[in-house]
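The values are calculated or read from the model by the stated rules, or taken from the named source; none is laboratory data. Quantities reported herein were computed from a predicted structural model and do not represent experimental measurements. Please note: Cβ atoms are built from the backbone with ideal geometry, for glycine as well, and neighbour counts cover all protein chains shown.
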Amino acid sequence: MKTIIPVITKFDANVLKSAGANFRIPIGTEWKFEIVRDGKVIDKWTQGNVLTDEGLDAMLDIMFHASTQITTWYFAIFEDDYTPLITNTYAVPGYTESTAYTEAARVAFVEAAASSKSITNSASKATFTMNASKTIYGASLVGGGSDATDNTDTAGGGTLFCSSQFSVAKSLVSTDVLLVQCTITLADS
């Protein structure tokens with residue numbers, strides 16, 4: 001004789017609904033450097049950087065708050081062993097900017113139009129021709145100010161977008177050429 005045992009199964013389900021979407025759009029830069037001596041590349045490397053609060057706030061204000069656009073950005077190179085911070089500003093960059101090059105002023109960031117969520121000066125690398133022996137520790141991207149071309153200008157009104165400290169200091173001699181390329185990327189995750 002067979003016995004039938006009643007089996008009852010109960011399932012409970014809860015639907016969890018997120019209170020909101022959490023999207024992030026990361027921004028970053030990749031820096032490429034080359035040192036040319038007597039027409040030959042003697043060193044080249046790639047590295048990241050520190051984006052400053054001042055730079056990111058300027059980007060947001062220009063894009064979404066109708067602030068005045070900074071139409072030309074410039075590269076600055078620095079000559080002391082300084083680790084850049086997100087709190088550095090144009091007026092107080094934390095580093096000592098080098099002026100030991102033959103170009104008359106800071107070298108412009110001559111970028112091509114954005115493509116694939118990136119903008120770069122790869123077709124027009126910034127060129128610093130050294131006029132003295134100097135140890136260089138990094139570079140930064142600056143704009144605005146009373147005269148952003150002037151490598152001694154730290155007056156108010158400028159913006160320090162980002163700084164990149166070399167992982168190893170670079171000893172340059174007179175007539176060495178330091179080539180600087182920066183690619184800025186903005187992409188959703």
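Checked against the criterion of being small (G, A, S) and either closer than 21 Å to G48 by Cβ or at pLDDT below 95 (or both), the candidates S124, S116 yield just one match: S116.
Would you mind stating whether L178 is under 20 Å from T46 (Cα atoms) and modelled with pLDDT under 95? Taking the combined requirement at face value, the residue does not satisfy it. Per this entry, D43 is not counted among residues that are modelled with pLDDT of 95 or more and surrounded by fewer than 10 Cβ atoms within 10 Å (Cβ to Cβ). Within the bounds of region 150-173, is there any residue that is more than 22 Å from D80 (Cβ to Cβ) and among the polar types (S, T, N, Q)? No, because not a single residue in region 150-173 is more than 22 Å from D80 (Cβ to Cβ) and among the polar types (S, T, N, Q). Residue pairs whose Cβ atoms lie under 8 Å apart, separated by 6 or more positions or on different chains, with the first residue in region 157-174 and in a loop (DSSP other than H, G, I, E, B) and the second hydroxyl-bearing (S, T, Y) and modelled with pLDDT of 95 or more, are V173/S133; S174/S133. Candidates in region 137-175 are the residues that are polar (S, T, N, Q) and closer than 14 Å to T46 by Cβ; of these, the one that is farthest from the chain's Cα centre (by Cα) is S167. On inspection, L85 fails the criterion of being modelled with pLDDT of 95 or more, assigned to a strand (DSSP E or B), within 28 Å of I62 (Cβ to Cβ) and out of contact with any Asp or Glu (no Cβ under 6 Å at 6 or more places or on another chain). Within region 138-150, being surrounded by fewer than 22 Cβ atoms within 10 Å (Cβ to Cβ) and hydroxyl-bearing (S, T, Y) holds for S146, T149.
Residue-by-condition table, conditions (1) free of Cβ contacts under 8 Å to residues at least 24 places away in the same chain; (2) touching a Phe, Trp or Tyr at 6+ places or on another chain (Cβ under 6 Å); (3) of a type in the set (G, A, S); (4) under 24 Å from I27 (Cβ atoms):
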residue: V92; (1), (2), (3), (4): no, no, no, yes
residue: T102; (1), (2), (3), (4): no, no, no, no
residue: A108; (1), (2), (3), (4): no, yes, yes, yes
residue: A114; (1), (2), (3), (4): yes, no, yes, yes
residue: N121; (1), (2), (3), (4): no, yes, no, yes
residue: F128; (1), (2), (3), (4): no, yes, no, no
residue: G143; (1), (2), (3), (4): no, yes, yes, yes
residue: D147; (1), (2), (3), (4): yes, no, no, no
residue: T152; (1), (2), (3), (4): no, no, no, no
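Inside region 137-177, residues that are farther than 21 Å from P93 by Cα and not charged (D, E, K, R) make up a count of 6.
Only one of the numbered conditions (1) under 17 Å from the mean Cα position of the chain (by Cα); (2) crowded, with 18+ Cβ neighbours inside 10 Å is violated by K134, and that is (1).
Among the residues making up region 115-143, a single one is closer than 18 Å to C162 by Cα, assigned to a loop (DSSP other than H, G, I, E, B) and among the small types (G, A, S): S122. Once region 39-79 is narrowed to residues that are assigned to a loop (DSSP other than H, G, I, E, B) and of a type in the set (S, T, Y), the residue that is nearest to the chain's Cα centre (by Cα) is T52.
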